[in-house]
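Engineer: Let me give you the structure first, and then I'll get to my questions.
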Amino acid sequence: MIKKVVFSNIAVKFVGVKTSPQVTRLMGSNEQSAKSPGPGSGDSIKIGDSIQPVKMAYTSYESTKPSFTSADWPVIIMHGLLGSKANWNAMSKMLHSKTDRKIFAVDARNHGDSPHTPELTYYHLVEDLRALMNDLAIKRATFIGHSMGGRAVMLMGLRYPELVEKLIVVDISPITASASLSTMPKYFEAMKSVKLSENISLSKARKMADEQLAKYVSDAGTRQFFLTNLVEAEGGQYKWRINLDSITRNFNNIATFPPVGTSCPVPTLFVSGANSDYVRPKDEEEIKRMFTEAEFLYLPDCGHNIHLEKPAEFSESVGNYINIKTMRSRRKAFI
């Protein structure tokens, strides 16, 4: 399914996983169809034999101005654990306006509108990203990843630096993990335990779920974040759109960063909340041994969800970093 919405010269396209082989590209105010290259065609990217990638759902943001064409690589954004591309809707528009680049916000497997699978590792997320690039004929991109998504794009840079222009890692480290992660399995079980009546409105369903979650999750903001995953199902019922069983079973794969014996040479910005414990300044030197071009930015008075807590400051800092043309002289080396 493909839906188009236009917001003041920005075309927003929602692509679900049940699309036909035709991918609609928005050109100005018109729609034009173009076939995505299949595996093995042209400049397609070979996918790892041991991992079966999924076709991720995504939303794209691009200009509707006549004759506008961006010469820069697109930006691909991946959300954090239990999140979705919808969490990045407002920020994607802001970054598009700031950079004039096409923006893709994706749903990771087992999240949002993307397929559910028994597997969930950072290696799987990386191959899913490569498959998306193959389907959309993207040779290189700047990647933004928050939390779980940040670790996925870090691994992308470590394994396939030739596909990466820049990395922007949002409040996550390859070295350590926040102590708060230890509470996540309890939250998963709390979500699984929610029981709801049938044939009620979504607002009432979320209110009922919130009351039940409050016994286990004291922070109202955290509960509201979880509740963005509660959606209507068939027969007047409600369900969690995330694959809680797979996420619970694979949580240890997500809680730690996989050991990789290489370094990443591409420009990398670690953007963290000054009040967050996910990235520690004392780990910067160790991080720079893995990401040799790493820079660090700590935004004051905000925690883990920087893009939501400080959207103006975040979009300004990240947009400026994307706009720096540091990779221009290096592109030929990757072609």
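The values are calculated or read from the model by the stated rules, or taken from the named source; none is laboratory data. Remember, predicted model here, so these are calculated numbers, not experimental data. Every residue, glycine among them, receives a Cβ derived from its backbone with ideal geometry; neighbour counts consider all protein chains shown. Side chains included, ligands, DNA and RNA excluded: accessible areas come from the protein's heavy atoms. Shrake-Rupley method; radii C 1.70, N 1.55, O 1.52, S 1.80 Å.
Engineer: Please name whichever of L202, I144, A190 sits farthest to the positive end of the charge dipole of the range 96-214, dipole taken about the Cα centre and charges placed at Cβ: Lys and Arg +1, Asp and Glu -1.
Structural biologist: I144
Engineer: Write out the trypsin sites (Lys or Arg not before Pro) in the range 169-249 meeting two conditions: DSSP loop, and at most 11 other Cβ atoms within 10 Å of their Cβ. Intermediate results must be reported in sequence, preceding the final value.
Structural biologist: On the way: sites: K186, K192, K195, K204, R206, K207, K215, R223, K239, R241, R249; in loops: K195, K215, R241.
Taking the range 169-249 and a limit of 11 other Cβ atoms within 10 Å, the loop trypsin sites (Lys or Arg not before Pro) found are K195, K215.
Engineer: On the full set of protein chains, 1.4 Å probe, figure out the accessible area of D135 and give it in Å² to the nearest 10.
Structural biologist: Rounded to the nearest 10, that gives 30 Å².
Engineer: Another question, then. What is the calculated FRET efficiency for I324 to T256, with r their C-beta to C-beta distance and R₀ = 30 Å, to the nearest 0.05? Walk me through the intermediate numbers first.
Structural biologist: Values: r = 32 Å, r/R0 = 1.06.
The pair I324/T256 has a calculated efficiency of 0.40.
Engineer: Next question. Hey, can you find the accessible area per residue of the range 228-335 for me, probe 1.4 Å, expressed in square angstrom? Please list the in-between numbers first.
Structural biologist: Values: 5680 Å² over 108 residues.
That works out to 53 Å² for each residue.
Engineer: Amide H of C264 versus every other amide H placed in the peptide plane: which residues, excluding those fewer than 5 positions away on the same chain, fall under 5 Å?
Structural biologist: Counting only residues 5 or more places away or on other chains, the set is F291, T292.
Engineer: Order H96, H304, H116 by their accessible area, 1.4 angstrom probe, all chains in place, largest first.
Structural biologist: Working: H96 10, H304 40, H116 95 Å².
Reading off the accessible areas and sorting them downward yields H116, H304, H96.
Engineer: Assuming R0 = 30 Å, can you tell me the calculated FRET efficiency for the pair E293 and L181, based on Cβ-Cβ distance, to the nearest 0.05?
Structural biologist: Working: r = 27 Å, r/R0 = 0.91.
FRET efficiency, E293 to L181: 0.65.
Engineer: List the trypsin sites (Lys or Arg not before Pro) in the range 274-327 that DSSP assigns to loop (not H, G, I, E or B) and whose Cβ has at most 16 other Cβ atoms within 10 Å. Which are they? Walk me through the intermediate numbers first.
Structural biologist: Values: sites: K282, K288, R289, K325; in loops: K325.
Answer in residue order: K325.
Engineer: Report V260's accessible area, 1.4 Å probe, all protein chains in place, as a number in Å² to the nearest 10.
Structural biologist: Rounded to the nearest 10, the figure is 40 Å².
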